[in-house]
Structure formats: structure tokens, C-alpha cells
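Working notes, structure below.
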Amino acid sequence: MAQEKVIKKDKAKKVADPQAATIDLASQEMIQRAQDLGIETAFDRAVTMKPCNIGTQGTCCKNCGMGPCRLPLPKGGIDGEDDRKGICGDTANTNAARHFIRMIAGGAAAHSDHGRSVAEVFLSAARKETDAYKIKDTRKLIDVAKHLGIPTEIEVEGKILDRDVDEIAIEVGEKAMNEWGKSDGELLFAKRAPEERYQIWKKMGVVPRNIDREIVEIMHRTHIGVDQDYRNLMKQGTRAAIADGWGGSMLATELQDILFGTPYPVAAEANLGVMKEDMVNLVIHGHEPVLSEMIVAVSQTKEMDDYAKSKGAKGIQLSGICCSANEILQRHGVSLCGTFLQQELAIITGACDAMVVDIQCIMQNLANVAKCFHTKLITTHPIAKMEQDNVIHIEFDEHHALEDAKRIVRMAIDNYQNRSAEVMIPRQKSPIVAGFGVESIEYHLGGVFRGSYHTLNDNIINGRIRGIGGVVGCNNARTKHNEGHVQIVKELIKNDVIVLTTGCNAIACAMEGLLTPETAPVFCGPGLAEVCETVGIPPVLHLGSCVDNSRILLAASEVVKAGGLGKDISELPAAGSAPEWMSEKAISIGHYFVASGVYTVFGVTLPVSGAPVFQKYLFEEFEKMYGGMWDLEIDPIKHTRKMIAHIDKKRKALGIDKARERIMVDMAARREIEAA
Ligand code: XCC
Ligand code: SF4
């Protein structure tokens, strides 16, 4: 009887409907293939495993051994006083706020620890302890030195001379490292925000002291019996999120740029179709570009190319998943293999000879999928291993970086001949132009000599560009892969909102073909199309990985500095969005956007609905304090409408709403003339 039950259950095991799981044809094909081969993917598990209703509401506390204390919202809502309590007496607000800021801590820790690793490599490069890494962008080094309060000139016998670059680099490395744990002072980059913003943070008491401390303090304050006021909890959540966006993430971005080069526009391709049947496919996945930089360098050598040819392949095809992909795309034009939800699918092609992973967003199920093929799955980071016995660990160390990278590339090449299962690479791929950043936007919109944000500002003021949308974040298996990303971005550009993108949203846009200048006349409203066509940029600008959301903060600050659009980020006609978020990093990003004055809308879900008072605090009260606030909107069209309504509200406050009406009339009139 019992056995029968098991069999019945097994038979009834549901799998994902590929068409319902993703809008991407390549992914549909691979999900179907996985099912045909009896291989389970995240898409299948998402339909078989229901999310916990109480966790979804954000009101399940397990911060001590008396819990978990679950405080679901009653079916009919709260009638009268909300008397829900955990054993310790925590209210639903405390419960949800604790959970929310622990997510911020998790995300801020992930970004910042990544930044710390980069800073360590940076310092050893500056001290010349490694041959593999050298300071690449000295112009940016000088710029960042200034923000860290490091002198870049020196007076010798009454003359002002440039300081030695190596000396500056060492000091930048040391000063940067100090930002994680210094004993006094405050986060140095906080002053890179517009003065008004900095003063708001000062007034609210949320200027971070150092990066680590704000994260540790969250763990302390959410321990049983410490901070039990959701407002005070969120104050610390805010301080830690700022420490991420303007600290750990920003340092990661800046030091990576100095070390590996500041991105400038590059052409590449995106989607599983970038893999090649007759080449060695090495897929790089994760977030920290320290190792991937070396793999790119090594795999481009003649030695490795010859070696690949000696094994019968035509060469080595690198491609990337998640943000390691974005990093090497931005700096080297390496093509994108796919988003977070396509990681298993890359292996299911049967053509992935090796997948090398570092940290973050790496699904443990990769090991199970790799077992079904010849794929070598290689972990490389001391803090990110997998228990399965088919996983190979090659611990990466900056002191023998080139050797490690060579070992990995060789392993992929050696494995080329072991392909057994039939190879099936989807055909889909799209051309893209990526590699944007604070510097290249300035360059493109102004030219190298008169590079500035004035052109962008002018076009916002005159209404051709309605506003700026920062659309970022993950994929989430609980919602149709890429649907929200693509719909929201298309709707924004249709309404003349220029989009700055990072992370998996950028990859989704890339796959959809939105990252080319040619999309402007097809998808954009007339104003944005005109600007993009004149300047020759795509309407959706790929700014990089998730730590590179710091570029959006700095771009926004540059826009404020260029003038005419108010004195603070909160005055800009801009809005943020994470249509398909899932990681704790996204919560930290969302919150530092909010803390920086940006209205930020998330899709899918937000773990606050079980505590309506706390939710109202985030969605409404925050605007009064910081000018930015949270929102949740699952429907992509309504989601975009809300962003645009906010942008229009800001245009009106700036008194530039009329300009747009004029220009739209002008353009309509012009079109009529042209048509006549
Ligand atoms: Fe991960 Fe950065 Fe999210 Fe994509 S967007 S799923 S965090 S890879 Ni960062
Ligand atoms: Fe329950 Fe309070 Fe312990 Fe959380 S801290 S598990 S609410 S008793």
C-alpha cells in the first residue's frame, strides 16, 4: 500500500510547461530537452514546490530556538488591533522588519565581500606582489584617489608635480581596504552623493561608519531581544544599504575599473546560441571578475588556441552567465550565454565542456545536471564549494592566478573529446552593444573634449527624454523568465524613458535585442528615438554587473551636478525597478536606491505584506524622510505606469512638464509635414 502510494506520487510528478516558464525560445527548447532526458531543472522545481505562505508575507521569525514564530495575516485582514505576537512578544512589524534588514545584511555582505576581495588583489597588484595584475586605468586611479582624500600632486622645491602613480596606487589600495573596518570617521564615498543627499543622511543619522560594522550591527540588532522598533530597525537597514551602494559595491566597481579597465562600448552577442558545436565551450559563471579576467587572457593566447586545435576543436569559445558574464562582456566583449535561470540549460546543451564558477547565484543543482553530461564543473573560491563528488575544486589565488587559469582552460580543452550525449545548441542569439558606464555616457553624449552630462540634461529638460529608468535585478523561477524584464523595458522606452540596466535584466534585454542602436527607431517613443539616433547609442544602456549599480548612483549624481534638474537625486525624473528579483542582494540594492532618493518598484513579491504597518512605512513614510520609497507591482504594465507617473510627478515639480508637451506637439507636427 505504502509502496503504491510512492509510485503514484512519482508518476504524478509535475514538470514545468516550457512555454509558460519562459518567453525565450532557446530556453524553452532546453527545458523541453531536459525533461525528455529526465533531468530536473529549477523550472520544474518551481512548479512542484509551493512557496511558504507565511514566509512570503515576511512574517516568520526563526531568530531564536523558541521559534519559528509565524504571524500570518488573518484571511480577512486585521480587524481592530493587531495582536499577533511571537513568543518573545515581537509584533508583525518587528518580525518583518528584522527579516527585511537581515536580507539587506546578506546582500550588502555579498557585494561588499566581493569588493573586499577585489581590494585585496588591487593592493597586491599595487605592491607588485603579483605579475598577473597591473593597474590599467591610471586616469581613473587619479580620480578615485581624490575621492579617497589621497593627494595626487606633490610640491617639490616650490613646483607642483604629479605624484608617482605606483605610490598613489598603494595608498588607494590601503585607504580602500580601510573602508571595511576603520575605527572612526565615516564612509568616504558618501560625499560623492549630491550635497543635499549627504545632508539628508547626516540628519537621519545613517551615514555609514564603515562597511563591515553596519552589517554586523544588523545581525546584533535582529538577535532576540535587541531592537524591537521597526523604524529603528529600518534606520540600521538604511545605513547598511548605503554602505553597500556607496561603499562595498562602489569600491568593487571603481577598483575593478582601475585594475581591469573602465568599460567602453563593445559589440558581442547574447543567449545560448553563442555556444559553438565545433569549439571548446568554457562557460564562466558567478560574480567576481578577478579570476575570469585571467581566464579571458589565457584563453586568448596562441598556446591555448593551438592546444584546443590539437584536440580537434576549432578554438575556444568563452561565454558567461550572471554577473561574471557582465563583467567580462563590459571589458572584453565576451558574449553572454544567459541569465541566472539559464545556468542549468547551458549544460543541457551537451556542449559545455567546462563551467567555472566563483561566488553568488550559482545553483547547487548544477552539479546534478553536470553529472548527466561530460561537463566539468569547477568551483574556484574558498568560500563557495559544493558537496557533490563530481565537482572539482581548483582554489584560485591571485599569487598564481595565471597558472590557475591555465589549469582550468586546459581542463576544458581536454574535456572536449569526451562529449557523449548528442549536442543540441539552440540557434537563438542576438547582437548587442554593451560596455556603458559613467564615463562612456559622458563621452557619447558630449564628446571627449566637451564630455559632460549637459546634453543628457538638456534633452530631459526639453522633453525628448521623459526620464531615466534604472531597471535591474535577477530572474525568479516563480515568474515567467524574462517576461517582466522585457515588457517593462519596452514600455519604458516606448514612453521616451531611457533605461540604464545591469545584472540579469541587462542579459534579458540583450537576449531580446534591445541593446543595439537599431532598436531606437523600432521600439522608442519619438523623442528618445531622436536622441539615440543622433548620438548613436542604444535606448537601453548596459552598465554592467550588480555591483555596478553603483554606476547608476554616480550617473544620477552627475546628472544632478550638470544642473537644471534640481539639487538632489530625489528631484530627478527617474525611477528604479527590479521586475524579477530574487536575491538578498536585490533587496540591498533596492534599499540603497530608495535611501538615495529613488522611487523603486519591485515585481513578483516582497516579504512585507504580512505586516501592513511596516509595509506602509516602506511604501509611504520613507518618501517623507528620504524622497525615495518602495513599491510592489506584479503586473508589468501597471509596474511601468507607476514608474512613469512618478517621473511625470518629478517633471511637474521641476516645472519642465510643459516643455515635453511642446516637444511632443512639435514632433507630431513635424511627422505630419514629413508624411504630407
Ligand atoms: Fe544573481 Fe548578479 Fe540577481 Fe542575476 S541579477 S540573479 S543577483 S546574477 Ni545580480
Ligand atoms: Fe519567536 Fe521572538 Fe524567537 Fe523570533 S525571536 S523566534 S519571534 S521568540
Residue hits (the range 34-70; under 26 Å from the mean Cα position of the chain (by Cα) and of a type in the set (D, E, K, R)) are 44, 45
Residue that is nearest to residue 554 (Cα to Cα) [pool: residues in the range 125-163 that are surrounded by 15 or more Cβ atoms within 10 Å (Cβ to Cβ) and in contact with a Ser or Thr (Cβ under 7 Å, 6 or more places away or on another chain)]:
140
Is the range 62-69 home to any residue that is aliphatic (A, V, I, L, M) and farther than 19 Å from residue 341 by Cβ?
yes
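Given the criteria assigned to a helix (DSSP H, G or I), of a type in the set (A, V, I, L, M, F, W, C) and modelled with pLDDT of 95 or more, does residue 16 qualify? Walk me through how you get there before you give the answer.
Details: assigned to a helix (DSSP H, G or I): no; of a type in the set (A, V, I, L, M, F, W, C): yes; modelled with pLDDT of 95 or more: yes.
So residue 16 does not fit the description; no.
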Output the qualifying pairs, or none if there are none: Cβ atoms under 6 angstrom, residues six or more apart or on different chains, first residue in the range 89-102 and without any contact (Cβ under 8 Å) to a residue 40 or more places away in the chain and over 15 Å from residue 220 (Cβ atoms), second residue of a type in the set (Ser, Thr, Tyr) and more than 12 Å from ligand 2 (Cβ to nearest atom).
none
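Of the residues 619, 593, which is of a type outside the set (Ser, Thr, Tyr), assigned to a helix (DSSP H, G or I) and under 30 Å from residue 80 (Cα atoms)?
Numbers: 593 fails: under 30 Å from residue 80 (Cα atoms).
From the options 619, 593, the qualifying one is 619.
Would you point out which residue out of 471, 497, 433 is buried (at least 23 other Cβ atoms within 10 Å of the Cβ), more than 16 Å from ligand 1 (Cβ to nearest atom) and of a type in the set (A, V, I, L, M)? It would help to see each step written out before you state the result.
On the way: 471 fails: more than 16 Å from ligand 1 (Cβ to nearest atom); 433 fails: buried (at least 23 other Cβ atoms within 10 Å of the Cβ).
It is 497.
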Output the number of residues of the range 59-83 satisfying the condition of being without any contact (Cβ under 8 Å) to a residue 12 or more places away in the chain and either within 10 Å of ligand 2 (Cβ to nearest atom) or surrounded by 15 or more Cβ atoms within 10 Å (Cβ to Cβ) (or both).
3
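Which helices (runs of 4 or more DSSP H) does the range 262-376 wholly contain that include 3 or more residues that are away from ligand 1 (no atom under 16 Å from the Cβ) and buried (at least 24 other Cβ atoms within 10 Å of the Cβ)? Walk me through how you get there before you give the answer.
Working: elements: 289-299, 302-310, 322-332, 343-348, 365-371.
Output list reads 289-299.
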Filtering the range 536-569 down to residues that are under 19 Å from the mean Cα position of the chain (by Cα) and either of a type in the set (Lys, Arg) or within 16 Å of ligand 2 (Cβ to nearest atom) (or both) yields 551
Residue under evaluation residue 503, criteria (1) at pLDDT 95 or above; (2) away from ligand 1 (no atom under 16 Å from the Cβ); (3) buried (at least 24 other Cβ atoms within 10 Å of the Cβ), criterion not met
(2)
Considering only residues that are in contact with a Ser or Thr (Cβ under 6 Å, 6 or more places away or on another chain) and farther than 18 Å from residue 436 by Cβ, which ones fall in the range 308-323?
316, 318, 319
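The values are calculated or read from the model by the stated rules, or taken from the named source; none is laboratory data. Worth saying up front: this structure is predicted, and the values here are computed from it rather than measured. Neighbour counts run over all protein chains shown; Cβ positions are idealised from the backbone, glycine included.
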